[in-house]
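To keep things clear, I will list the structure first and then write my remarks on it.
All of the numbers you see were taken from the coordinates with simple rules; none came from a lab. Everything numeric in this text was worked out from a predicted model, so none of it was measured. Positions of Cβ are backbone-derived with ideal geometry, glycine not excepted, and every protein chain shown enters the neighbour counts.
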Amino acid sequence: MTGMSEYLAAHIQERLAADAYELGIRVDVRGDVVHLRGEVMSEQRRREAEEAARAAAEGREICNELHVVAVAEPEAEERLS
């Protein structure tokens, strides 16, 4: 990554943390395409991350490769003995 791409990737990651509250997303800038990779908890969080990245991407294309991971609720209350 060139210096400008690294700067833009860092800027987008800051925006993701501030606007979408996502810290674990990897951002790669390749030419005019911004790649988002990682895992989020819901489809809504995936969309919010893409919107935050788009707002910071300075007109570049967003390639959203984020995966939604379902967090299962415990079936029964866990007992500690």
**Item:** Degrees separating the helix 3-15 axis from the principal Cα axis of the chain, which is the longest one
**Value:** 40
**Request:** Select one label from (1) 55, 22, 19; (2) 114, 15, 8; (3) 44, 27, 23: the one whose number is Cα extents along the principal axes in Å as derived from the coordinates shown.
**Result:** (1)
**Message:** If I fit a long axis through the Cα atoms of helix 43-56 and take the longest principal axis of the Cα atoms of the chain, what angle between them do I get, 0 to 90°, rounded to 10?
**Reply:** 20
**Asked** Counting Lys +1, Arg +1, Asp -1, Glu -1, what net charge surrounds Ala57 among other residues with beta carbon under 13 Å of its beta carbon?
**Response** -4
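For the chain, give me the percentage of DSSP beta bridges that are antiparallel, rounded to the nearest 5 percent.
Among the beta bridges of the chain, antiparallel pairing accounts for roughly 40 percent.
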